[in-house]
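Before any comments, here is the structure.
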Amino acid sequence: MDPSERYCYNPVLRWNPEVEDYFIKAYGPQHFSRISKALTRPSCYSCIRVNTLNTTSDAVIEKLQGIIQNSGFQNGVNGINLNKTELKDSLNDSNIKVEVGESEHGMNALKGSFENGTISKCQIPGLEYVVFVKGSGPHTIDYDYAPERPPKEVIVSRKCAEAVLRGAQVFVPGVMACSAHVEKGDLVAVSVAVEQPGVDGGWATGITRGTVLQGLQTGKIYFVSESRLITMLIISIISLLLAGADPSYYNVVDPHYLERSGLYIGQGTTMMSRAGIFRVLQGIAVDMNSRIFNLPSFHDVLEGEIFLQNLPSIVTAHALDPQKGERILDMCAAPGGKTTAIAILMRDEGEVVAVDRSHNKYADIMERIDSVQLDETKKDSRLWALDRSGSLYRLIFWLFYFLFAAIPNRICELGLAILPTLVQNIQKLAAEMGLKCINTYKLDALKAVCRRNESNGMSALCSDKINSCTNIQNSDSLRLHEEVSSTTVEGLDADTTCKETVSNGKGNDRTYISKADIRKNMRRMRNGPGRNQCLGGRAEPSKGFSPNSFDRVLLDAPCSALGLRPRLFSGEETVNSLRSHGKYQRRMFDQAVQLVRPGGVIVYSTCTINPGENEALVRYALDTYKYLSLAPQNPRIGGPGLVGCCEFPDGYVEEWLRPGEEELVQRFDPSSPLDTIGFFIAKFSVGSKEV
């Protein structure tokens, strides 16, 4: 194989065959092919929303220019083609009628924004507080390949690779495999492990964390720094005793050699040896110095002044058109980008109620551990980074630790430490931006409407009560920490404390403190207060809100997320799972309709290209609630929606928009010259509910 064909970035996005046929019917084969290709690449620019309550766009641009110059970021933009003809051509093959005119204004304004340099202010009317930072790519990288001497290599997980394509570094949890003799300071090629079809009909990477890589399809693996690996040591001994072979190498076939072709995302310098990468839990494993796509990172930059956000998400907050003094509900608010955007548009006057459910999902925990670095994880959590290169006794020790000590406690602790922070992160973000009108609640959107038959005590917990948690978070956090401290001191002698505090139920005020609570408080004091008691405080639980109690409702619904980019795999979604997303979203929309008052507004949005979660939801809303009507949106820079329907092989017919309705929604196509994520926005006006 030609090295230039192997050591490049040319991924092919894999889909479930039935899902692919469905999207081809919706968009046409050529258009869907362009969408699939666009999804594998990041946008050519970063979009920054400025907190106009604290600063101005001009001040932010000046600060960012200094930061970028100091960081040495070189911008070599590979052309941003924004012309109307190209967009028309990209839609000609679709069997759905689409018009281009409405998005022409947005394209011209965006093009004008990019003509002002690397960092520029958005020229779209109403979005002058948005700043664009141009990136560059795709770049051609010289991996220094030579026959029989392939480059040293690191394979990262798909989630890690998608983050690297957006400008992140390679952190330890994201590394899956590594060449045998990688040391600190080595120059390595970085490739990605993408799911492949399995023998059981499913998808799997086939790579176990800690795998030793060989850069040749067949060749020699050298045993130098990996002599501690038990399996390789055994192979070496057998080679000596039975075959008289040289133990310094062993001929093998690399089973993942072909899978990595066209999936190289850049080159970097290792910050630790191979042994170190698989021994520790956190830290930067590879410092990326040559990237396929060069986008500056804005992590922890100008906190409280800027927020990195996709352009369609910013447009969504504008479509809601929040006004000062109104009461607004953000039904699925985490991580808080749209919530804070709404509060800023209201000039922090009124009330923004942000809700999101927070519960333990083991799969989400594992995915987050795999893809990002967990700064809050304590040092005893090194169990997640089982050292595969250790000796036999070490392996047995960790196995017993996993089975009998680690798993029950750590799964519980990680569930409490990671996922419940969804709502708390909104509080923290609001505090950073100085916003006081945001009140957060832990609540499932499917239970957003409080039941009428609940007692008065329960109803008092509905949204009529304003929780000003963002104003008192610091004092609450301090008070809670003091309470924990006193409880822990009193509980050092567990047996004595339990005996003294058991209540006989005869009217005394003493309460029972279990040994489990004492141990938990002792761990809390030893490890720190944890994220539940850090900045942001506790989120107030809610039993729901009264019907007709909000002026405007934003439902940025959980979805298949098939519009997010870069995306390197999409085979996990099936036709049935896409339908399940749609059913779930309709149930949430039913709640939103009950909560908004007559004369109010509902904005529905998703980050997917699936018409079943977009146009089909609009069809359901208009047919089910006759007092709802589509309303114009401002600004309008996205394209029109899809008109028509789709019939599935099982006879199910999915109806989309009808002629005349397509211009009242905004559909952002990732393959269009706007170069955004795939996104959809629909705005509904609520008439009299007496009809």
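What the table shows:
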| quantity | calculated |
| --- | --- |
| Condition check for Arg586: touching a Phe, Trp or Tyr at 6+ places or on another chain (Cβ under 6 Å), open to solvent by 30 Å² or more (accessible area, probe 1.4 Å), in a helix (DSSP H, G or I) and modelled with pLDDT of 95 or more | yes |
| Matching entry among Ala343, Ala285, Ala333 (being among the small types (Gly, Ala, Ser) and farther than 29 Å from Val449 by Cβ) | Ala285 |
| Members of region 622-632 that are open to solvent by 20 Å² or more (accessible area, probe 1.4 Å) and touching a helix residue (DSSP H, G or I) at 6+ places or on another chain (Cβ under 7 Å) | Tyr625, Leu630, Pro632 |
| Inter-residue pairs, beta-carbon under 8 Å, first closer than 14 Å to Asn425 by Cβ and in region 319-338, second basic (Lys, Arg) and open to solvent by less than 10 Å² (accessible area, probe 1.4 Å), 6+ apart | Gly337/Arg49 |
| Selection count where residues are closer than 11 Å to Tyr145 by Cβ, open to solvent by 20 Å² or more (accessible area, probe 1.4 Å) and outside any loop (DSSP other than H, G, I, E, B), scope region 1-19 | 2 |
| Residue count, region 281-300 (criterion: surrounded by fewer than 16 Cβ atoms within 10 Å (Cβ to Cβ) and either assigned to a strand (DSSP E or B) or aliphatic (A, V, I, L, M) (or both)) | 2 |
| Selection count, region 666-680, where residues are touching a Pro at 6+ places or on another chain (Cβ under 7 Å) and of a type outside the set (Phe, Trp, Tyr) | 4 |
| First in region 563-578 and closer than 23 Å to Leu674 by Cα, second anywhere and surrounded by fewer than 19 Cβ atoms within 10 Å (Cβ to Cβ) and small (Gly, Ala, Ser), Cβ under 9 Å, 6 or more apart | Arg567/Ala561 |
| Any chance Val643 is open to solvent by less than 20 Å² (accessible area, probe 1.4 Å) and modelled with pLDDT of 95 or more | no |
| Residue within region 595-608 that is over 22 Å from Ser313 (Cα atoms), assigned to a helix (DSSP H, G or I) and open to solvent by 10 Å² or more (accessible area, probe 1.4 Å) present | no |
| Flag for Glu148 being among the charged types (D, E, K, R), out of contact with any helix residue (DSSP H, G or I) (no Cβ under 9 Å at 6 or more places or on another chain) and touching a residue at least 12 places away in the same chain (Cβ under 8 Å) | yes |
| Within region 565-583, tally of residues that are surrounded by 18 or more Cβ atoms within 10 Å (Cβ to Cβ) and more than 21 Å from Tyr652 (Cα to Cα) | 7 |
| Subset of region 290-337 (residues that are over 19 Å from the mean Cα position of the chain (by Cα), among the small types (Gly, Ala, Ser) and more than 27 Å from Ala592 (Cα to Cα)) | Ser290, Gly304 |
| Candidate set: region 135-150, residues that are part of a loop (DSSP other than H, G, I, E, B) and closer than 13 Å to Ala189 by Cβ; chosen: the one most open to solvent (accessible area, probe 1.4 Å) | Asp142 |
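The values are calculated or read from the model by the stated rules, or taken from the named source; none is laboratory data. Quick caveat: nothing in here was measured; it's all calculated off a predicted structure. Neighbour counts run over all protein chains shown; Cβ positions are idealised from the backbone, glycine included. Areas reflect the complete protein model, heavy atoms only, side chains present, ligands, DNA and RNA absent. Shrake-Rupley method; radii C 1.70, N 1.55, O 1.52, S 1.80 Å.
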